[in-house]
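Worksheet: the structure to be examined is printed underneath.
The values are calculated or read from the model by the stated rules, or taken from the named source; none is laboratory data. Just so you know, these numbers come straight off a predicted model, no measurement behind them. Here the Cβ is made from the backbone with ideal geometry for all residues, glycine too, and neighbour counts use every protein chain on show.
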Amino acid sequence: MSVQALDPIARTTNIIASARSLTKVYGSSDTVVTALDAVDVDFERGKFTAIMGPSGSGKSTLMHLLAGLDTATSGTVSVAGADVSGMNQRQLTKLRRTRLGFVFQSFNLIPTLTARENITLPLDIARVKVDEEHFSHVVNAVGLGGRLHHRPAELSGGQQQRVACARALVSKPDVIFADEPTGNLDSASGREVLVFLRKSVDDLGQSVVMVTHDPVAASYAHRVLFLADGRIVSELDSPTPESVLQVLAAISRADDHLTGK
Amino acid sequence: MLKLALRDTRASALRLLLSVVAVLLGVSFVSGTFSLRNIMSSTFSDIIDTGYKAAAYVTPESGTGSIIMGTSGEPVIPLDLATSIGGFEGVAAAVPDLSGQVILVGADGTAVTGSGGAPSLGFGANPDDPTLVVSEGEAPRNSSEVVLETSTAERAGLSIGDSTRIIANGEIYGVTVTGLATYSASLAGATLVMLDGETAEKVFAPTGTVGLVSVYSPDQFTPDGIKPLSSDAENAFVASVSEQLSGVGGKNAADGPSTPGSAEAEKFKVISGSQVREDAVSQTNEMVGFMSTFLLIFAALALFVGAFVIANTFAMTVRQKQREFALLRAVGASPGQVFSVVVVQAAVVGLIGGALGVLGGFGLVQGLRAVFRSFGIDMSGNLILTPPIVALGLVLGVAVAIASAAIAARRAALTPPVEAMRESEAPSLGTSALRGVVGIAMVGVGALVLAFSVAVVRSNPDAGVGLPFGIGAGLLLIGALVVSPIIAPGFVRVLSAPFLRATRPVGKLASGNIARNPKRTAATSGALTVGMALVAAAAVLAASTTSSMKSLVTTELKADFIVQSATFTISQQAFEQISALDEVGDISRFSGGEVRIPELTASEPDTPASSASGTDAKTLQIGATEPSTFSTTWTTTVIEGSLDSLARGDALVQKSVAKDNGWSVGDALTLEGAAGTTTARVGAIFDSAALGAPLIISTDLLDKLVPAQGQQINSVMVNAVDGVSTSQLRTALTEVAAPYMVLSVMDAQEFTSMLTGQVNQMLAVLYGLLALSLIIAALGIMNTLGLSVVERTREIGLLRAVGLGRGQLSVTFIIESVLTALFGTAVGLVVGVGIAAGVPSLLAGTGLNTLSIPWSALFAMLGLAVVVGVVAALWPAWRASRLPVLEAIAAVE
């Protein structure tokens, strides 16, 4: 892991989100599952970071905790300089509304709203006027110009995910969390979405954190973190699909070794 | 966010349709009731304005009576005083009130009746009376001539020159129609007959006195008709009439009106016409208000049941849209904003349902009006949709919908945003232990309170426990609703056990669906539970009342026949004719008369005599009968003393009256009647629920107290003379009774069925009003099933893919529906019967002393539940079976 100053006021530094001793335990007494085990991690501002790992490695849990969607058993999370783990529901709602953007694997859009209305939804919720210049910039970037007045059902899967990306971008959040954004897409559509996410980082200076199990998707990131059994076990800068696969294979071997296979 | 809420509402319009219908039905009922009230009030006030046009009225000091009920004040104003008032300075006319009940025999030989209990009245013709004017033909000149009001003549099928009969004061008069008269207001179905003045005096003012004199001012007569005076002019007129009246009434009244006049003048007062009209209007409004309160109870019930439908709909749609709400939360919506999305949808449902409901109520009332018109009752009032009614309908619709959807909205608001990332369905919700504890506690406390109330009443029949009883009943019902999700799975398992084998595999699927979400099952069947509980309670009460009456009549009526009148009064003429029959052996009658008893301390709460005519609380309507034949025609439970004492001039006192006043056998009572005063000892204390009279004396004694015209014969009991069969006696009696039109000759069994017929009529009305709640409950079942088709689309697709046929799928839904309906009905019946079982003890004092459970009716209700279940399932089953298999499996919400 690149060594960053453990400065709590991360806003002044180059850190957009960080976790310290982050632990999440599900269940009680005899059925305890430790999803995250004292994880320390930092995410850089203006970078595209991917989180990988096998099923049950805790990658989704890590992102839910970072995004304030779930509460940690212990440890702290700070996003854009704010202590997320200490926030109440009202503050979390405000955080999501103003500082964060989300892209989910599926069911990203409200079926009764048009593409445009879905994109401006966070602004409407916050009762903020739409910055038309920024809006058209975002819309042009995702290439949705002609389909803004269609309902989600009238859009292809790739188009739907691009609408979701545009929605995540339109409120100029500090960080975008994407949960398997290409999981339900064919490879061509998935590529469009990934290219767009990378462009938003390179061209617009966005910060993106993405959970994925697809090495090709991970290769679009600046950096890949690997989780296994609730711990960060490895990381990779400037990944390629091949290098990602190699790391994954190594993790898998280590795991087999431990379990005696 | 508002946009989102409205879009969502439009997108799920079909799902919300039945919720709208539920609101619509409830609001229709409410707004219809209020519209009806407006119409009736305005119809009555039209009648009052037309019927009471005079500038002033002279009435007895003791009260004016109820003008709209047709009871005038105590008749104490001598007719010649009315003539004198007519001659007062500044008075145009003084018309004594010569009116009363008459029966007109129509062209077909039957009595002309106004529907809906509209009165049938006779008036004395008076050329000075401007309210009823002969418009065609001649005014009646003697007792064999009458004039009919135009619409009356039409209904009777009579025209000028026809001969017919009228029965006035129980006497039969053969008459010829000599003319037609017009009455300027709507009559609301009343029958009006104009008699000649002399006959009217004989019939309606047998003592030469009347209860009301209308006094007209010459200024009222304008070319456009009779107009009310301005209030100043009216007050001056009233003052002038009362001054002149005290001059006539008292010899020492020269000092002016402030000096009390003679005893005679003190008995009268002069009231302004506007005062009389106002009083009459407020009296009618009170009556109409009572009726509408009664209807509103059922309207509220319909809304309450409708609330179940709405609550269920929203619970289900919120569940289906959980991910949508989670997404909203993830992109920054606050719980309040998500809450408002659901609430706005509910508000739209309420608004649309309310608006349609207002229109529905309007239609309902127009329909009622048409029905009334076809019966000849013209409801003239036009003002139906007033802004307050419209506002009330809308507000009520919105309020009910929002209140019903609030729990679902709260659940939506509390959706964790992380749900948006979950791929799996949210787990179904179980029932909490707290619910069980609370529900069982409510049922327990409710039952205890009921049992306690009953126990208190048993030990002290006069204790007022109506309120605790009501609270107990309410707790029991609500507790049953709360606890029903817990008992639903078990109940369904037991109930469906016999089906399972026969309907494998669909029976298992159906009962599984019900047990899967017991809260939903309970909420769906809850609507039916409420309605069925009331139906069951009503049925038990009616059955108990009926059997109590039967036992009363069979134990108390000993005579072969009892003769009663639909007008509650049998004329002396008829009684004498019956007595004179050769076939008649023992005969006795119950007559009534008004007597004042100074010893009376506790007043009877509901005697019309004391409340309507304004006489004081010590006046009672007492009964009288023949001592010689009483014991052969009637038996009653004697608590103390002997019934034979009646012959000695003693009084028999009803147990409750004796108890209230602390009277016991041997006490002396003073009886003051219009004709005389006497002292009577209490000879016996009896307990009879069939005999309504508080006090019974001999007819001879009543004759000394009350003049003949002040007495009414209520019932005549007749035994056949030896050697005459009862059928011969019946033939003879029927022959005498027939011309009177309203007299019925009944043996004990017919008498019972006449009495129970009234109960059954009431029951039919109750069933009719409760039917609306049952319809809404059925809609609720349909609604839940319809929504669950949407929810279970994938599951249905899977079942169909593995080979479940369309028919089998439909049967699954039907079984589910029937089981739900049976469950709701069974809980309702148990609660209803449980509550009603306590009532006989509560009302034991009024003669309701037998608890009778109408098993056949209860089983019929279970049968009805099956029908409701099947009908409610038809549409959802059809929809489910039409789902294309592949698309259903692939369905992503």
(request) Can you confirm whether region A:150-161 contains a residue that is surrounded by fewer than 18 Cβ atoms within 10 Å (Cβ to Cβ), on the phi > 0 side of the Ramachandran plot and part of a loop (DSSP other than H, G, I, E, B)? (result) no
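Okay, residues lined up against (1) in contact with a strand residue (DSSP E or B) (Cβ under 9 Å, 6 or more places away or on another chain); (2) modelled with pLDDT of 80 or more; (3) closer than 16 Å to residue B:210 by Cβ:
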site: B:87; (1), (2), (3): yes, yes, no
site: B:91; (1), (2), (3): yes, yes, no
site: B:96; (1), (2), (3): yes, yes, yes
site: B:104; (1), (2), (3): yes, yes, no
site: B:107; (1), (2), (3): yes, yes, no
site: B:123; (1), (2), (3): yes, yes, yes
site: B:131; (1), (2), (3): yes, no, yes
site: B:136; (1), (2), (3): yes, yes, no
site: B:141; (1), (2), (3): yes, yes, no
(request) Identify all residues within region A:135-149 that are under 26 Å from residue B:337 (Cα atoms), more than 22 Å from the chain's Cα centre (by Cα) and either surrounded by 19 or more Cβ atoms within 10 Å (Cβ to Cβ) or away from chain B (no Cβ under 14 Å) (or both); write none if there are none. (result) A:148
(message) For region B:98-215, give me every one of the strands (runs of 3 or more DSSP E) that falls completely inside it and has 1 or more residues that are within 30 Å of residue B:233 (Cβ to Cβ).
(response) B:99-104, B:120-124, B:132-137, B:171-183
(request) Would you be able to say whether some residue in region B:536-553 is farther than 18 Å from residue B:758 by Cα, part of a helix (DSSP H, G or I) and in the same structural domain as residue B:774 (by TED's automatic domain parsing)? (result) yes
(message) I'd like to know if region B:312-322 contains one or more residues that are over 22 Å from residue B:524 (Cα atoms) and either within 14 Å of chain A (Cβ to nearest Cβ) or assigned to a helix (DSSP H, G or I) (or both).
(response) no
(request) Output the number of residues of region B:10-30 satisfying the condition of being within 13 Å of chain A (Cβ to nearest Cβ) and within 30 Å of residue B:366 (Cβ to Cβ). (result) 1
(request) May I ask you to verify whether residue A:116 is of a type in the set (Lys, Arg) and closer than 30 Å to residue A:227 by Cα? (result) no
(message) I need the strands (runs of 3 or more DSSP E) fully contained in region A:1-120, keeping only those with at least 2 residues that are within 14 Å of another protein chain (Cβ to nearest Cβ) and at pLDDT 85 or above.
(response) A:100-103
(request) Please specify each residue of region B:642-676 satisfying the condition of being outside any loop (DSSP other than H, G, I, E, B) and more than 40 Å from the chain's Cα centre (by Cα). (result) B:644, B:645, B:647, B:648, B:668
(message) Just the residues that are among the β-branched types (Val, Ile, Thr) and in contact with a Lys or Arg (Cβ under 7 Å, 6 or more places away or on another chain), please, taken from region A:16-61.
(response) A:16, A:39, A:49, A:51, A:61
(request) Give the residue that is farthest from residue B:142 (Cα to Cα), with candidates limited to residues of region B:165-208 that are over 35 Å from the mean Cα position of the chain (by Cα), among the β-branched types (Val, Ile, Thr) and surrounded by fewer than 17 Cβ atoms within 10 Å (Cβ to Cβ). (result) B:207
(message) Tell me yes or no: at least one residue of region B:280-300 is charged (D, E, K, R) and surrounded by 17 or more Cβ atoms within 10 Å (Cβ to Cβ).
(response) no
(request) Name, by its number, the condition in (1) surrounded by fewer than 22 Cβ atoms within 10 Å (Cβ to Cβ); (2) closer than 21 Å to residue A:200 by Cβ that does not hold for residue A:104. (result) (1)
(request) Within region B:275-292, track down each residue that is within 19 Å of the chain's Cα centre (by Cα) and hydrophobic (A, V, I, L, M, F, W, C). (result) B:287, B:288, B:290, B:291
(message) What's the number of the only condition in (1) over 18 Å from the mean Cα position of the chain (by Cα); (2) modelled with pLDDT of 85 or more; (3) crowded, with 19+ Cβ neighbours inside 10 Å that residue A:131 fails to meet?
(response) (3)
(message) Kindly evaluate residue B:690 against the criterion of being farther than 19 Å from residue B:598 by Cα and either out of contact with any Asp or Glu (no Cβ under 6 Å at 6 or more places or on another chain) or in a helix (DSSP H, G or I) (or both).
(response) no
(message) Here is a check on your reading of the model: is residue B:580 free of Cβ contacts under 8 Å to residues at least 24 places away in the same chain, of a type in the set (A, V, I, L, M) and closer than 22 Å to residue B:730 by Cβ?
(response) yes
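A quick yes/no check of all residues on (1) free of Cβ contacts under 8 Å to residues at least 24 places away in the same chain; (2) farther than 23 Å from residue B:3 by Cα; (3) not β-branched (Val, Ile, Thr):
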| position | (1), (2), (3) |
| --- | --- |
| A:98 | no, no, no |
| A:114 | no, no, no |
| A:121 | no, no, yes |
| A:127 | yes, no, yes |
(message) Scan region A:171-180 and tell me whether some residue there is part of a loop (DSSP other than H, G, I, E, B), within 14 Å of chain B (Cβ to nearest Cβ) and farther than 23 Å from residue A:45 by Cα.
(response) no
